[in-house]
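Asker: Here it is, the structure, as structure tokens.
The values are calculated or read from the model by the stated rules, or taken from the named source; none is laboratory data. No experiment lies behind these values; they were computed from the predicted model shown. Note that each Cβ is placed from the backbone with ideal geometry, even for glycine, and that neighbours are counted across all protein chains shown. To get the accessible areas, we keep the full protein, side chains included, count just its heavy atoms, and leave off ligands, DNA and RNA. Shrake-Rupley method; radii C 1.70, N 1.55, O 1.52, S 1.80 Å.
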Amino acid sequence: MNNLQLYETIFKRKSIRKFDMAPLDTAVLTEIKNYASGLKSMDEGIKHELVYLNPGDVKNLFPIKAPYYVCCYSEKKEGYLMNAGFLMQQLDLYLSANGIGSCWLGMAKPSKELLERKDGMEFVIILAFGKANEPLHRTDTSEFKRKNIAQITDLTDMAELLEPVRLAPSASNSQPWYFSVTGDEITVSRKSLNVITAPIFSKFNQIDIGIALLHLWLSLDHQGKTAPFETKKAEVPKGYDYMITVKTGSN
Ligand SMILES: Cc1cc2nc3c(=O)[nH]c(=O)nc-3n(C[C@H](O)[C@H](O)[C@H](O)COP(=O)(O)O)c2cc1C
């Protein structure tokens, strides 16, 4: 699977919530696990581990039943939630590109024994996957329910670069991201939370930003540019919190 195939999948992927419970071919499952073992990290200094769970090992508040679940655990270091979003979105796109349905599950957790690890790794998020029992892809980007480009950036000439980012999935479709541009730098911020929204969205919105960053990384790559991430002080619009800076140099 190359970056172009992942990039092209952005424009048709969707969350799958109805699964065929029949098992996948062993060879297909092995390929998925092989791909997942080589995901690109935003920060190689943050250790992560993917664990495959059976339906019986997952507690889900919503009745989505899937034959397979992959659970991301991570070291709890600066930026680890963004990193988890960046990693797992590669898998979400890979699965969709290979004809397999998937859905991020923020409301699911591994069973108690699997939740409490003693090696310093923390449970972050689960992705459900399996054969889809509903149409796998969208046929047109108008089918995506998303903010328009002017609601996520102040620069009009960024439309082509940011279109795939605009289409990124997010928890409750909250789309908390904003992209400001100075020179060859993109400042990424996320909508500030209040006392009511913070307990639910503080974690998810950081994962969402990581998902959007993966789409941005693929979009820059598609334009022949690299995208190193950097954390520094930068101005963000009122009502937003600074997350990260992306340098948009050439390859
Ligand atoms: C971090 C995260 C958590 C999510 N949690 C759930 C969930 O618990 N249940 C669910 O049905 N969908 C969940 N979703 C899927 C979103 O609702 C979905 O991505 C969004 O509505 C956009 O729809 P689309 O993915 O079909 O484009 C989650 C998505 C993300 C990114």
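Asker: How many of the residues in segment 160-192 are open to solvent by 40 Å² or more (accessible area, probe 1.4 Å), within 20 Å of residue 220 (Cα to Cα), more than 16 Å from the ligand (Cβ to nearest atom) and not in a strand (DSSP E or B)?
Answerer: Residues that pass the stated criteria total 3.
Asker: Test each condition in (1) surrounded by fewer than 19 Cβ atoms within 10 Å (Cβ to Cβ); (2) at pLDDT 95 or above; (3) in a helix (DSSP H, G or I) for residue 93 and report the one that comes out false.
Answerer: Of the numbered conditions (1) surrounded by fewer than 19 Cβ atoms within 10 Å (Cβ to Cβ); (2) at pLDDT 95 or above; (3) in a helix (DSSP H, G or I), the odd one out for residue 93 is (1).
Asker: Determine whether residue 219 is at pLDDT 95 or above, within 13 Å of the ligand (Cβ to nearest atom) and over 18 Å from residue 80 (Cα atoms).
Answerer: So residue 219 fails the test.
Asker: State yes or no: is residue 167 within 30 Å of residue 108 (Cβ to Cβ), at pLDDT 95 or above, in contact with a His (Cβ under 8 Å, 6 or more places away or on another chain) and outside the structural domain of residue 11 (by TED's automatic domain parsing)?
Answerer: Taking the combined requirement at face value, the residue satisfies it.
Asker: Tally up the residues in segment 67-90 that are within 17 Å of residue 33 (Cα to Cα) and assigned to a loop (DSSP other than H, G, I, E, B), please.
Answerer: 1
Asker: Can you confirm whether residue 22 is without any contact (Cβ under 8 Å) to a residue 12 or more places away in the chain and either more than 20 Å from the chain's Cα centre (by Cα) or open to solvent by 80 Å² or more (accessible area, probe 1.4 Å) (or both)?
Answerer: No, not satisfied.
Asker: Now a separate question. Given the criteria under 25 Å from residue 227 (Cβ atoms) and without any contact (Cβ under 8 Å) to a residue 60 or more places away in the chain, does residue 122 qualify?
Answerer: Against the criterion (under 25 Å from residue 227 (Cβ atoms) and without any contact (Cβ under 8 Å) to a residue 60 or more places away in the chain), residue 122 does not qualify.
Asker: In segment 124-135, is there at least one residue being in contact with a Cys (Cβ under 7 Å, 6 or more places away or on another chain), surrounded by fewer than 19 Cβ atoms within 10 Å (Cβ to Cβ) and either at pLDDT 90 or above or aromatic (Phe, Trp, Tyr) (or both)?
Answerer: no
Asker: Which count do you get for residues in segment 44-66 that are assigned to a loop (DSSP other than H, G, I, E, B), more than 21 Å from residue 29 (Cβ to Cβ) and open to solvent by 70 Å² or more (accessible area, probe 1.4 Å)?
Answerer: Summing the residues that are assigned to a loop (DSSP other than H, G, I, E, B), more than 21 Å from residue 29 (Cβ to Cβ) and open to solvent by 70 Å² or more (accessible area, probe 1.4 Å) in segment 44-66 gives 5.
Asker: Limited to segment 72-106, what total is found for residues that are touching a Cys at 6+ places or on another chain (Cβ under 7 Å) and either of a type in the set (Phe, Trp, Tyr) or more than 11 Å from the ligand (Cβ to nearest atom) (or both)?
Answerer: The number of residues fulfilling the criteria is 1.
Asker: Related question: Of the conditions (1) over 17 Å from the mean Cα position of the chain (by Cα); (2) closer than 21 Å to residue 87 by Cα, residue 208 fails just one. Which one is it?
Answerer: (1) is the only condition that residue 208 fails.
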